[in-house]
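Computed from the coordinates by the stated procedures, all read-outs in this text should not be read as laboratory data. Since the model is a prediction, treat every value here as computed from it, not as a measurement. All Cβ positions, glycine included, derive from the backbone under ideal geometry; neighbour counts span all protein chains shown.
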Amino acid sequence: MDRTRKLTGRPGRGFLRTLWDQRQLALMSVPMLLYVLLFSYAPLWGWITAFMSYKPAVPLFDNPWVGLRNFSWLFSRQEFLLAIRNTFAMSVINLVFNTVSAIGLAVLLNEVASRRYKRTVQTVTYLPHFLSWVIVVGLAQNAFATDGVVNQVLLSLGLIRQPLFFLGEGRYFWWLAGIIHMWKEAGWNSIIYLSSMSAIDPALYEAAEIDGAGRLRKIMHITLPGIKSTFVILLIMNIGMLVSGTNDGNFDIPYLMGQNLLIDWSQTIDIFVLKYGISQGQYGRATAAGIFKSLVSIFLLFSANRIARRLDEPTLL
Amino acid sequence: MQRKLLSLLLILAMMLPLGLALAEPAPLTVTVFAGDPFDQPTSDNKIYKLIEEEFGIKFEFEFLAGDLDETLGIKIAGQDYADIMSGSNSAEMLIDAGTYIDLLDYINETDTPNLWAHFEPYMNRITVDGGLYVMPSFGRIYNDAIVNYQNGPAFWIQKKVLAWDNYPTITTPEQYFDLLLRYKEAHPTTEDGLPTSGFEILTDGWRNFCLLNPVQHLMGHPNDGGVFVHWDDNYRVDVFHNKDYSKPYYQKLNEVFQKGLIDQDTFVQNFDQYIAKLSSGRVLGMFDQYWNFQNATDALIARQMYGETYIGLPLVYSEDITDHYIDQPVINVNRGFGISVNCKEPKRIVDMFEALLDDRWQTIFHWGIEGEDYYVENGRYLRTAEQKANAENPVWVNANKARALFFYSPKKEGTMDNGNSWDPALQPELYFDMMSEYDKEFLTSYGMKTPAEFFTPAPPNEPYYPVWQIDLQPYPDMRDINTQMGDIQARDLPRLIMAAPGEFDGMWETFAKTMSDAGQAEYEVFLQGIILEMNERLR
């Protein structure tokens, strides 16, 4: 009890006193604090350019102010609205595919008794994570071409009569991107779930066995509840990153695979920014779109967090 | 007295090495950004070593990797400029961002006579608001231009297809596609057993000019980019893709698509896949510019598949139209090196370019070292079989040619005062020597000596020509319209070509309307204004 009090600080005891008591902890957090200040907060100053017609060669305050014109320009473009739709659709598909595949794979691997086999499968499934997107998309383009292996398999199974034009029809694009993303990342994403499964007390499984629980029951009632907190935390983080540029599904796949005729389905916010912002030297627009994405991310993160709190689940904040 | 003389001599002797040291320029490392992908030259490259010996200047190259506009956009945002930079096809971004210094502060008649004589006749055209920021790298022709082959646009067809049909004369798309259809029907697979591909349309990124550009040529105009200029109607401009006269071409493509001549995969393949396909020898024809698929030709020749290499045909809508595929060389405005504001010694670099423009250095860049890379016989510059093989060997070139530097530097083209071609590739004797027996025989069947004879020689250019050199950078609204129209064309034209029977006309109406809704008319009027102004200024 006393120890807890010391860590959380007692009201009236004084901030400085608490700080002194926890000086080791405080010192340890200094580098991270500096990192965040320098790389996350300091650049926010640049947001000012979203309200300017900005050219880097001109001293900052000599650039003309344009008010909200960059923002209104963005939302007046049909392409930008489509890009928002595409970003969300692809992100949600990726999120569902990735979470389900990672948990599914982790559960299956967890049930494998042979250590060597488990290790091998684990290695094989997470290796694609280390391939660059250029290579992965190249492989996918070959596999899904009209004369590619996927069409050949579907044809020989008699599921289709004509080869499907996977790479050239918009309605396939989001799902194709989701599948490719899943193939690359499922193994990697499953690692964190596997490690959280290894933390489950074996006594629980033994007790369940004595009570006559089969394999499925153990999965349903011990394994899955055991990783619930990991799942919720990861879900909150991933929801926060739905529209973010660090989410590679939002840029790499559509950039490499979104051919001209797919543009209505493949152009995401990041690609739109690149095309109409950076490539045209319109940095104000690019910043405006960046601000929009940040606001959406913050909103999503807090909503997910709040929902988790309502449901009495562990939260991030 | 004698002692004094001695000491004077001694002092002079002591100063001699000092004087020598002063004459030798201090070493300088110049950073270079090249807006195209090149191979890094070897560290002991013969020509760069010569430059280092003579000027004390070494180069550190950064070559483009990835997308040009994005790379430049990021460099501008960080003001991260090399000493000398080529922005390649997007140099206007750099000019607009204030990357370059005005070279006219250094280039004038007395200090730099070579550069002055080189650019002076074109000063009106190549300056931006009175400043010269980039030294054009190509299109400054001395004496006569030599044309042996078409390096630019054409409808290409495998030579064996023409040979199979007994060397017919093909002038219209009707005849062209009819021949391709008949040949494909008779030869569904190649000798290697690969399926024959009738007609390819490359749509990858900016290279989709293969899809967008043909109609202006069918109408008898040279390559203005994405627009058609009515020379006889006060230079009215059309973004022509949705105009009535474009419809027959795309409808023809739709018709032959239905007949299986075009494979839908052509619209999703990237440039590498396209080149691989052409290199396999199974593609009968395509619209393209020669430099774009030259790698495929080299691969075919390396495998001695001469019949599968391509000959360019200048197709036009009807036989009463004169083809205008080959144009007079135009000076390459804004393409080449400029000196950035980050450069510490601009004067020294300008002086180097001045010296490199004399005939001795130009010969070294174009031809190499006499006796090593070429020889002279009766005043003609020639190459032995080994020297020719070297010049075509990329590994040798990296060690023995200053390819990247020369590519962007001001250079002399056309004919030397002594009658030789500046560019070895255009020296007529060498060109004929290098032709395969197959090619010689093929051309003889047409009664021709060079592939260029299929084309009508280029008439003089309109003063404004070409539109694709017009700088849109100062007009963001027009850039937006242009970008958006580009997206619409890239999205809808493939769909039109793949349209099901009976759907084409309806889809065409929608496409035409989407284009005009994107601000097409405004853009056309804007360009017409610029062209009229340019004609006024340059005529």
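A few notes on this one:
- Rounded FRET efficiency, nearest 0.05, which uses the C-beta distance separating A:VAL66 from B:ASN342 and R0 of 25 Å: 0.30
- Excluding same-chain neighbours fewer than eight residues apart, the lysines reachable from B:LYS247 by a Cα-Cα span under 20 Å are B:LYS259, B:LYS513.
- Gain in span if fully extended, B:ASP471 to B:ILE369, counting 0.36 nm per residue against the direct Cα distance: 32.8 nm
- For the stretch B:399-436, the residues whose backbone nitrogen is under 16 Å from a point 7 Å from the Cα of B:ASN461, taken along Cα to Cβ, are B:411-414.
- Residue among B:GLN528, B:ALA518, A:LEU131 farthest towards the positive dipole end of the protein assembly as shown, charges placed on Cβ: A:LEU131
- Pairs beyond 26 Å (Cα-Cα), from B:LYS49/B:LYS347; B:LYS49/B:LYS388; B:LYS160/B:LYS449; B:LYS160/B:LYS411; B:LYS277/B:LYS411: B:LYS160/B:LYS411; B:LYS277/B:LYS411
- Shape summary: the stretch A:148-210 maps onto an equivalent ellipsoid whose semi-axes, from the alpha-carbon gyration tensor, are 41, 17, 9 Å in decreasing order.
- When the alpha carbon gyration tensor of the protein assembly as shown is reduced to an equivalent ellipsoid, its three semi-axes come out at 53, 41, 29 angstrom, largest first.
- The share of Cα pairs per 5 Å bin across the stretch B:414-499, counted from zero up to the longest distance, runs 3, 10, 10, 11, 11, 11, 12, 12, 13, 7, 2, 0 percent.
- Taking other C-beta atoms within 10 angstrom as a stand-in for reagent exposure, B:GLU308, B:GLU437 fall in the order B:GLU437, B:GLU308, fewest first.
- Cα-based equivalent ellipsoid of the stretch B:263-303: semi-axis lengths in Å, sorted from largest, via gyration tensor: 17, 11, 9
- Hull volume per residue, based on the alpha-carbon atoms of the stretch B:190-234 and their convex hull, is 95 Å³.
- A Förster radius of 22 Å combined with the Cβ-Cβ distance from A:HIS221 to A:SER114 puts the calculated FRET efficiency at roughly 0.35.
- Here's how it looks for B:MET416: its modeled amide H is under 5 Å from those of B:SER421, B:TRP422, which are all 5 or more places away or on a different chain.
- The label point for B:THR29 and the one for A:SER229, both projected 7 Å from the Cα toward the Cβ, are 5.4 nm apart.
- Lysines with Cα under 22 Å of A:LYS118, excluding same-chain neighbours fewer than 8 positions away: A:LYS184, A:LYS218
- Cβ-to-Cβ counts within 10 Å put A:LYS184, A:LYS275, B:LYS411, A:LYS228 in ascending order as A:LYS228, A:LYS275, B:LYS411, A:LYS184, the fewest first.
- Only Lys, Arg (+1) and Asp, Glu (-1) charged, at Cβ; chain B dipole about Cα centre in debye: 1040
- For the stretch B:356-376, backbone nitrogen atoms closer than 17 Å to the point 7 Å from B:GLU429 Cα along Cα-to-C-beta are found at B:367-376.
- Rg to Rh, two decimals, where chain B supplies the alpha carbon set and Rh follows Kirkwood: 1.01
- For A:LYS228, the aspartates and glutamates whose Cα comes closer than 16 Å to its Cα, not counting residues fewer than 8 places off in the same chain, are A:ASP201, A:ASP312, A:GLU313.
- Total formal charge among the other residues, if their Cβ is under 12 angstrom from that of B:GLU120, Lys/Arg +1 and Asp/Glu -1: +1
- The rule of thumb for compact globular proteins, 2.2 N^0.38 Å, goes into the C-alpha radius of gyration of the stretch B:19-175 1.45 times.
- The orientation-averaged shadow of the Cα convex hull for the stretch A:70-310, equal to a quarter of the hull surface, comes to 16.7 nm².
- Residue-averaged [θ]222 nm for chain A, counting only DSSP H segments that reach four residues, each worth -39500 (n - 2.57): -19500 deg cm²/dmol
- Rounded to 0.05, the FRET efficiency of the B:PHE38 and A:TRP45 pair, given R0 = 56 Å and the Cβ-Cβ distance, is 0.90.
- Of the two radii for the stretch A:202-286, the radius of gyration is 1.35 times the Kirkwood radius, both from the alpha carbons; that is the Rg over Rh value.
- Neighbour-count ranking [beta-carbon atoms within 10 angstrom, fewest first] of B:ARG140, A:ARG309, B:ARG348, B:ARG539: B:ARG539, A:ARG309, B:ARG348, B:ARG140
- Extending 7 Å from the Cα toward the beta-carbon at both B:GLN175 and A:GLU313 defines two label points whose distance is 7.1 nm.
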